[in-house]
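Below is one structure; the comments refer to it alone.
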Amino acid sequence: MKYIALFTFGWIATALPSPALAQDNEAEKLFRGMEKKLLAAKAFEITFDYQVEKRKAKGELLVTQDNKLRLKVVGHFTEKPKAGFELISDGKQVKTKGAKFFVASNGRPGIEPGGQSEWQAPKKFHATLGGIVSRAGMWYTIFLMPYLQGSAGDIDLDDKGSRMNAYDFKLAGMEKVGTKDAKVIRFRFGDGGSGKDNADITLWIDVNTLLPLKRTFVLEGGPIHIVENYHEFRLDPKVDAKAFVLPK
């Protein structure tokens, strides 16, 4: 009987996940729950700031499930420190004011202060933006925006060939962000490889709202180091229809 008991206990211990694996699963579960919560909301609104090395910017983003969008950014989204722009979608068309959005001949996205851009709104703008904001934050969303024109903006983030996968999750304990308690998770973002377009992300998630409070984004190719703070992150806020009137 003693040998049977020892064998049985050993089998159970082997079958149970290790503490580290259990924590990794908890980290991914926390992240996926946050992302699902954001995508399920009829609308979400973020007030944010970010710093890329020494360059700073701040802004506001409001997105609804019917693909309406208002994005305001002031600061270093280009080399000019005091530049600003607005990007608005009424669900059918997207227009910018104060900046021209383009994709250069080398395939790189660009935002040029001054001027205006206009394109057809993607049919899945809300889902695409919700996923990108969840996984990579506001700086990356703004950087990527020139690509999101027309049907090209309907990106399947979970496609096998996607460069915007979130993976390799780790739980990194608890910390304070201001006065708020946050769970800290770390994960990788990119195509799943070790190329220069992959990033290491640390995300602080509010233990009460389960929404992001802060993020660091370190891109391997630079390296580029970004710190973002989310001062407000609200789901289903009261939405004023006038917010989505296209600029003339």
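Side notes on the structure shown:
- Members of region 75-89 found to be modelled with pLDDT of 80 or more and surrounded by fewer than 18 Cβ atoms within 10 Å (Cβ to Cβ), listed by number: 84, 86
- When 176, 242 are screened for being farther than 17 Å from residue 126 by Cα, charged (D, E, K, R) and either in contact with a Ser or Thr (Cβ under 8 Å, 6 or more places away or on another chain) or not in a strand (DSSP E or B) (or both), only 242 passes.
- Applying the set (1) more than 30 Å from residue 97 (Cα to Cα); (2) modelled with pLDDT of 70 or more to residue 70 leaves exactly one unmet item: (1).
- All strands (runs of 3 or more DSSP E) inside region 72-173 with 1 or more residues being out of contact with any Phe, Trp or Tyr (no Cβ under 9 Å at 6 or more places or on another chain): 84-90, 99-103, 118-120
- Residue in region 209-225 that is acidic (Asp, Glu) and surrounded by 19 or more Cβ atoms within 10 Å (Cβ to Cβ) present: no
The values are calculated or read from the model by the stated rules, or taken from the named source; none is laboratory data. Predicted model, so just to flag it, every value in this text is computed and none were measured. Heads up, the Cβs are rebuilt from the backbone with ideal geometry, glycines too, and the neighbour counts pull from every protein chain shown.
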